[in-house]
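Notes follow once the structure below has been shown.
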Amino acid sequence: MDSILNTIGGRQIAPHSEKWLPNIEPATGQPYGKLPESDVTDVDAAVQAASAARDAWAELGGQERGAHLHALADAVEARSEELARLESIDNGKPIALARTIDIPRAVQNLRFFADAAHTDRSEILRTGEQAINTVIRQPVGIAGVISPWNLPLYLLTWKIAPALAAGNPVVAKPSELTPATAARLGEISIECGLPPGVLNIVHGSGGIAGEAIVAHPDVSAISFTGGTETGARISATAAPHFKKVSLELGGKNPNIIFDDADLDAALAGSIRSSFANQGQICLCGSRVLVHASRYEAFVDSLVDQASKLRIGDPLDDKTQQGALVSAAHRDKIMASVEHARDEGGEVLCGGGVPDDLPDRCQDGFYYRPTVIAGLPMDAATNQQEIFGPVVTVSMFEDDDEVIEMANATRYGLSASIWTRDAVRARRVAECIEAGTVWVNCWLLRDLRVPFGGVKHSGVGREGGEEAMRFFTEPKTICEVP
Ligand code: NDP
């Protein structure tokens, strides 16, 4: 069995307690390795290593930090196929997705913030003839990074790259369900000469290792992506320490199909936004809202195409739907669909586990792409994040009604709108409570734009300058000449 180690102070080390957690392959349901069950002592060692590296990393300057990040990006890119395979085995996602989305985006994250490190963000503001204010931005301190299992290397690098670029050492904890690519990143960072202590990766459970990072008095900022309940807990732990906190949380995103939409494009986009990564992307459009005049035809096509998605071994190049991340998550999705039936929902396709899996995957954590109709917006199925290959379909009559439906949850992460009418698109987009609204597309990402959610979908924004601002503190130096 493969053992994963922590990366602390530029070394690969076992947990001090010698306690380990099993690492399960979702496609087979079998353990294939183990990871450290780190605790507060391991986290403290990582924070000490980060403290020791802190001043030198901050003083290195943006150019050199950028060069280190470019070297890391090159090294990750050179190992793309190995990392894609690891991600697919560890998470259950189709290898084709890991090759085309997860790993290329991790490289892009590192490169983007390597370049961002070069920019001097100081500002000069004159107070008439009286004074000159220089606003400089300094690193925030040790950055605590906690990331989820759905896009493991993609979301980890999305956080560590700006933290490092801005001059902070990092203590990161990836999800215990998907530690493999993060562990490999730790090894790669050592191989390509990142100074010891600058990037520390501590594996273990959220409740122990994650909490220890959030509660550590020497960690100045927490960047978290994960579930809304975990985000609330992290806020409560961090608040008495007055830490900076950025929270990217859950979503229940509307995907709106107007009567004047290009229906082929809307259908292709909806299949992706409903079922990509088995629906385990916070941005997935889990509520499909279709204009009454198009409802029947559109829903028939959606069901037809969802039923034809190729479910199989994630390591098979042709697989379109892989395994869910864990047995517990598969069971939660099953229970959600049962609850939808109890609420009066009609399951139009899916609603169970596939019965034609390859031999190797017989004990894997699979669930068929599922479309549910006939539920009001206030039904639990339309309110709670399921985070799996399950969408509801609902009908609307006019723009005002669909805006009300779109906003009728506690979440506000993203939305998609499909229409040929640019004026309508802009009006509806402005009325939807969400951090991102896509028009005639989904998951089209420019790394410069702010990314995040409103309401229970998060606090703060990531991406571009927002991330660089989060990982720095402004200081005003007011000088009278
Ligand atoms: P969780 O909230 O369960 O976990 C996220 C991370 O937090 C994991 O590393 C987890 O560790 C850790 N963690 C758990 N409890 C604590 C704690 N008390 N203190 C510190 N860390 C803790 O989310 P999932 O991993 O299940 O991810 C799915 C969720 O993430 C969904 O709700 C999804 O919408 C959201 N998400 C949001 C995104 C966004 O950008 N808004 C993007 C992607 C996902 P461990 O795994 O070991 O428990």
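Helices from the chain with mean Kyte-Doolittle at least 0.0 and a Cα length along the axis of 27 Å or more, per DSSP H: which?
Taking the DSSP H segments of the chain (at least 27 Å long, mean hydropathy at least 0.0), we get 40-59.
What does the accessible area per residue of the stretch 206-362 come to in Å², with a 1.4 Å probe and no ligands, DNA or RNA counted?
Heavy-atom SASA per residue in the stretch 206-362 reads 40 Å².
Under 19 Å Cα to Cα from Lys332, which lysines show up? Leave out anything in the same chain fewer than 8 places away.
Lys93, Lys252
Can you give the calculated 222 nm mean residue ellipticity of the chain, where each DSSP H run of n ≥ 4 adds -39,500 (n - 2.57) and the sum is split over every residue, rounded to the nearest 500 deg cm²/dmol?
Rounded to the nearest 500, the figure is -11500 deg cm²/dmol.
Which one of Val76, Ser336, Tyr295 has its Cα pushed farthest toward the positive end of the charge dipole of the chain, where Lys and Arg give +1 and Asp and Glu give -1 at the Cβ?
Going by the charge dipole, the pick is Val76.
Within 14 Å, Cβ to Cβ, of Leu443, how many net charges do the neighbouring residues add up to if Lys/Arg are +1 and Asp/Glu are -1?
The answer is +1.
What is the Cα convex hull volume of the stretch 254-447 when expressed per residue in Å³?
119
Starting from 0.36 nm per residue, how many nanometres of slack lie between Ser122 and Thr476 once their C-alpha separation is accounted for?
126.5 nm
Quick one: Karplus J couplings for the stretch 462-479, per residue in order, coefficients 6.51, -1.76, 1.60, θ = phi - 60°, nearest Hz, x for Gly and Pro?
Listing the rounded values in order: 10, x, x, 5, 4, 5, 5, 5, 4, 8, 9, 10, x, 10, 9, 10, 9, 10 Hz.
Between the stretch 159-225 and the stretch 312-340, what's the alpha-carbon centroid distance in Å?
Measuring centre to centre over Cα atoms gives 28 Å.
Collect residues whose amide H, placed 1.01 Å from N in the peptide plane, falls under 5 Å from the amide H of Asn255; neighbours closer than 5 in sequence don't count.
Arg287, Val288, Leu289, Ser416
If all Cα-Cα distances of the stretch 85-193 are sorted into 5 Å bins from 0 onward, what percent lands in each bin, rounded to whole numbers?
P(r) for the stretch 85-193, in whole percents per bin: 2, 11, 18, 21, 15, 10, 7, 5, 4, 3, 2, 1, 0.
I need the trypsin sites (Lys or Arg not before Pro) found in the stretch 124-193, filtered to DSSP loop residues with at most 15 other beta carbons within 10 Å of theirs.
none
Starting from the Cα-Cα distance between Lys318 and Cys349, subtract it from 0.36 nm times their residue separation and give me the gain in nm to one decimal.
9.0 nm
Please work out how much length the chain gains when fully extended from Ala131 to His70, using 0.36 nm per residue of separation minus the C-alpha to C-alpha distance, in nm with one decimal.
Result for the pair: 18.0 nm of gain on full extension.
Can you give me the distance in nm between label points at His16 and Ala52, each placed 7 Å from the Cα along the Cα-to-Cβ direction?
1.4
Where the accessible area of the stretch 254-447 is counted over protein heavy atoms with a 1.4 Å probe, how much of it, in %, is carbon and sulfur?
Whole-percent figure for carbon plus sulfur exposure: 47.
If a/c stays under 1.5 just call it rounded; otherwise compare a/b with b/c (prolate if a/b is bigger, oblate if not). Do that for the chain, with a ≥ b ≥ c from the square roots of the Cα gyration tensor eigenvalues.
In terms of gyration-tensor shape, oblate.
For a quick check of your reading of the filter: which GluC sites (Glu not before Pro) in the stretch 391-459 sit in a DSSP loop and have no more than 14 other Cβ atoms within 10 Å?
Filter output for the stretch 391-459: Glu397.
Which value in nm describes the separation of the simple spin-label points at Asp262 and Asp356, placed 7 Å from the Cα toward the beta carbon?
Modelled inter-label distance: 3.2 nm.
Can you grab the distance from the C-alpha centre of the stretch 89-129 to the C-alpha centre of the stretch 261-277, Å, no decimals?
27
With a point put 7 Å past each Cα toward its Cβ, work out how far Ala327 is from Glu191 in nm, to one decimal.
A separation of 3.4 nm, rounded to one decimal place.
The values are calculated or read from the model by the stated rules, or taken from the named source; none is laboratory data. It should be emphasised that the depicted structure is a prediction, and the values quoted were computed from it without experimental measurement. Note that each Cβ is placed from the backbone with ideal geometry, even for glycine, and that neighbours are counted across all protein chains shown. Ligands, DNA and RNA are excluded from the accessible area calculation, which covers all protein heavy atoms including side chains. Shrake-Rupley method; radii C 1.70, N 1.55, O 1.52, S 1.80 Å.
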